[in-house]
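The values are calculated or read from the model by the stated rules, or taken from the named source; none is laboratory data. What you see is a predicted model, and the numbers here were worked out from it, not measured in a lab. As a convention, Cβ positions derive from the backbone with ideal geometry for all residues, glycine included, and neighbour counts pool all protein chains shown. Quick note on the areas: whole protein, heavy atoms, side chains included, nothing else; ligands and nucleic acids left out. Shrake-Rupley method; radii C 1.70, N 1.55, O 1.52, S 1.80 Å.
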Amino acid sequence: MKNILKFILVLLSFLSQAQGNLKASLDKVKNYVKEIKLEKTSVNQQFSYDDKAPYDIKITITNTDSKGKNNEEMYEFNLGLMGDIKRSASSKEMKVELSSQKNLKVIRYTKGDEMQNYENKIELLSDNIDDARELEKNLKDAIIAAKTAWESSIKLPKEDLNALQSWFEQNIKDVTAEKVSFKQIFKKSSIYKDHASISFEENDGKKTVEMKSDFSWGDLNEGSAELKISGKEIYVSAKSKNDFIRSQQGSVMKGYDDEIKIYAQTPSEGSVLLIAIQKIIPAAKKELQARLPKVATKEDGFKILKDRTKDFKVNESNYIQKISPSCLTTYNLKSEIKSKILDQTFKFNFGDLFDYKLSVSKEVIKITAKVLDNKKFIQYTKDGALQNYDNSVEFIVGDLEDARYLAEAMPVVSKGCKSNVAASDFNYLTSKLKSIENPRQDLILQDDTDKCKWKLTSTLAESKKSVESISEWNLYDIDAKKIDIEVSGKTVGITAYTLNKEKFIKLTKDNKPGFSSEINFIVNDVEDAQKSLATFRALVESCKKQ
């Protein structure tokens, strides 16, 4: 407690000294902001500052023409936000121009009794070069002192995420910008420390628009945060690399955006808001990374898969889904969008998937995965009808946090499901081929005493006739490295080539003899194909030419 008290006393002492230095500089400036007589007009310039916050400046300029008509302009600004000073002269005027940092329009400009758009510079007139030089010099000194005094007055928590979230809850307030008002409510999440929501109610006197943004500070880019002043509106915006900000208008979910906006009443308040956002983003990123699950095994991943794959509803769209927590799995997705129902089933092995990517599409979040080497190993059924095999699958998620957890878990599951498929025997292969109705396939040994000489009879029933093909070959003529799974449309098969693709295979098709370098099997699905491939390759490798 003593240390805290000591810190407060030191801070107050420093702030008092900074303000004292600033006031001394401002009093010098004040001496050179005065009435100037021009050829046809007189310009009365008045300079003042707020005694409690001396960096807050007000300059009133009254132009009086030869007929006595007055035109009053007022400029109000935080001197700590100002930057460059330029001195110039024409044949009629000696000017000192004061402009804002980064040319931001931080100067509140009022003409007559009506506020105009914010400005980024103000011109002061001097009577002679000596006065102009002194004004320039004293303004530069005052700006340096104003920055110190203003920055010393800013009371923000240190890089503590919870304290910063509480600061936003207390300091994000309602804002008015001439005829438009913004009612703003900031709430930190009760579940995730890095999460928050901002509710807006914009009223222009004719209609009210309600918006809400849900987001994680950790998704925002620190370097993207900037103060923006457009017309009479002041706000701070920050962007995320991805469209991870959930947007809602009234009760309708509008989709996902990449930007948040928080409105401020003055440029000074907006500047403090900017500093606070720049402080909270890195703290939130650490929290976001720390809370993501540590998935060590495929079993850990399966648990997340079971817990985080949920049914959900977005506006009038319904999504019902189920996935089996196993390597060889089935993913069922039933969606109802605008009264149109789509029932989809994907059958695949997690071990075949890689390159998981999380993205947002309209009102849903997707995790997309591809099959290694772009192979079409995913069996796809639509409304009960088998479709062509595919090489990628999309998992639909209704909540970003569920998606984050799944995106962490799925690659670990895939890694854990990768394994060498165990080879079986000749009988396994013949049984799998016989289970296919069309073409009808009969695989036998040419000679019961020689396991290396095979014969395949394949009969394909077409619309008007049946085509019979008989292939006879030696296993030792097959190149074990040239055996692979082939998927075409809805058909899965094994294709093998002879050594150097020489025509070693005797092929009789519709009683017409010939030779080929290629042999093809048809199987039920990718799972059968992978085991059949391992079996065929092992049998080929076991046969050596005598």
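Out of the residues in segment 367-377 meeting the condition of being touching a residue at least 40 places away in the same chain (Cβ under 8 Å) and touching a strand residue (DSSP E or B) at 6+ places or on another chain (Cβ under 6 Å), tell me which one is farthest from residue 309 (Cα to Cα).
Ranking the candidates gives 376 first.
Would you tally the residues in segment 120-148 being in a strand (DSSP E or B) and closer than 30 Å to residue 230 by Cα?
Number satisfying all stated conditions: 5.
Residue under question is residue 218, and the condition is that it be closer than 21 Å to residue 159 by Cβ, open to solvent by less than 40 Å² (accessible area, probe 1.4 Å) and not in a strand (DSSP E or B); does it hold?
yes
In this structure, does residue 213 turn out to be part of a strand (DSSP E or B), surrounded by fewer than 18 Cβ atoms within 10 Å (Cβ to Cβ) and modelled with pLDDT of 95 or more?
Here the answer is no, as residue 213 does not meet what is asked.
How many residues does segment 5-39 hold that are of a type outside the set (Gly, Ala, Ser) and either modelled with pLDDT of 70 or more or not in a helix (DSSP H, G or I) (or both)?
So the count comes out to 18.
Output the residues belonging to segment 196-211 that are over 17 Å from residue 237 (Cα atoms) and in contact (Cβ under 8 Å) with a residue 24 or more places away in the chain.
Matches in segment 196-211: 204, 205, 209, 210.
Please work out which residue is surrounded by the most Cβ atoms within 10 Å (Cβ to Cβ), limiting yourself to segment 312-342 and to residues that are in a loop (DSSP other than H, G, I, E, B) and in contact (Cβ under 8 Å) with a residue 24 or more places away in the chain.
Ranking the qualifying residues of segment 312-342, first place goes to 327.
Looking only at segment 433-445, decide whether some residue is out of contact with any Phe, Trp or Tyr (no Cβ under 7 Å at 6 or more places or on another chain), free of Cβ contacts under 8 Å to residues at least 12 places away in the same chain and open to solvent by less than 50 Å² (accessible area, probe 1.4 Å).
no
Please count how many residues of segment 256-265 are crowded, with 17+ Cβ neighbours inside 10 Å and either of a type outside the set (A, V, I, L, M) or closer than 22 Å to residue 57 by Cα (or both).
6
In segment 160-178, which residues are open to solvent by 70 Å² or more (accessible area, probe 1.4 Å) and either closer than 17 Å to residue 263 by Cα or not in a loop (DSSP other than H, G, I, E, B) (or both)?
162, 169, 170, 173, 174, 176, 178
Which one of these is at pLDDT below 95 and of a type in the set (Asp, Glu): 169, 123, 159, 119?
Criteria check complete, one pass: 159.
Can you tell me which of (1) modelled with pLDDT of 95 or more; (2) crowded, with 16+ Cβ neighbours inside 10 Å is the one residue 364 doesn't meet?
Of everything listed in (1) modelled with pLDDT of 95 or more; (2) crowded, with 16+ Cβ neighbours inside 10 Å, residue 364 misses just condition (1).
Would a scan of segment 201-208 turn up a residue that is in a strand (DSSP E or B), touching a strand residue (DSSP E or B) at 6+ places or on another chain (Cβ under 7 Å), loosely packed, with under 13 Cβ neighbours inside 10 Å and modelled with pLDDT under 95?
Within segment 201-208 (the criterion being in a strand (DSSP E or B), touching a strand residue (DSSP E or B) at 6+ places or on another chain (Cβ under 7 Å), loosely packed, with under 13 Cβ neighbours inside 10 Å and modelled with pLDDT under 95), the answer is yes, since at least one residue qualifies.
Tell me, which strands (runs of 3 or more DSSP E) lie completely within segment 483-546 with 2 or more residues that are open to solvent by less than 20 Å² (accessible area, probe 1.4 Å)?
Answer list for segment 483-546: 491-498, 518-523.
Among the residues of segment 91-119, write down those that are in a strand (DSSP E or B), open to solvent by 10 Å² or more (accessible area, probe 1.4 Å) and closer than 22 Å to residue 265 by Cβ.
Those that are in a strand (DSSP E or B), open to solvent by 10 Å² or more (accessible area, probe 1.4 Å) and closer than 22 Å to residue 265 by Cβ: 108, 109, 110, 111, 114, 115, 119.
Being without any contact (Cβ under 8 Å) to a residue 60 or more places away in the chain and out of contact with any Pro (no Cβ under 8 Å at 6 or more places or on another chain): is that true of residue 364 here?
Taking the combined requirement at face value, the residue satisfies it.
Return the total of residues in segment 404-427 being without any contact (Cβ under 8 Å) to a residue 60 or more places away in the chain and crowded, with 21+ Cβ neighbours inside 10 Å.
0
Pairs, please: C-beta under 6 Å, at least 6 apart or cross-chain, first residue among the small types (Gly, Ala, Ser) and in segment 385-398, second part of a strand (DSSP E or B)?
Short answer, once both residue conditions are applied: 392/370; 398/312.
Can you spot a residue in segment 382-402 that is on the phi > 0 side of the Ramachandran plot and not β-branched (Val, Ile, Thr)?
Checked against the condition, which is being on the phi > 0 side of the Ramachandran plot and not β-branched (Val, Ile, Thr), segment 382-402 yields at least one hit.
Output the number of residues of segment 367-385 satisfying the condition of being surrounded by 14 or more Cβ atoms within 10 Å (Cβ to Cβ), outside any strand (DSSP E or B) and under 27 Å from the mean Cα position of the chain (by Cα).
Looking only at that region, the number is 1.
Working only within segment 127-159, note down all residues that are open to solvent by less than 80 Å² (accessible area, probe 1.4 Å), farther than 22 Å from residue 80 by Cα and in contact (Cβ under 8 Å) with a residue 40 or more places away in the chain.
129, 131, listed by residue number.
Looking at (1) open to solvent by 20 Å² or more (accessible area, probe 1.4 Å); (2) closer than 26 Å to residue 388 by Cβ; (3) modelled with pLDDT of 95 or more, which one does residue 457 not meet, given that it meets all the others?
Just one mismatch for residue 457, condition (2).
Would you check if residue 105 is more than 20 Å from residue 50 (Cα to Cα), touching a residue at least 60 places away in the same chain (Cβ under 8 Å) and basic (Lys, Arg)?
Criteria met by residue 105.
Within segment 343-361, count every residue that is hydroxyl-bearing (Ser, Thr, Tyr) and either under 17 Å from residue 321 (Cα atoms) or crowded, with 20+ Cβ neighbours inside 10 Å (or both).
1
For segment 251-273, does any single residue satisfy the condition of being assigned to a strand (DSSP E or B) and polar (S, T, N, Q)?
no
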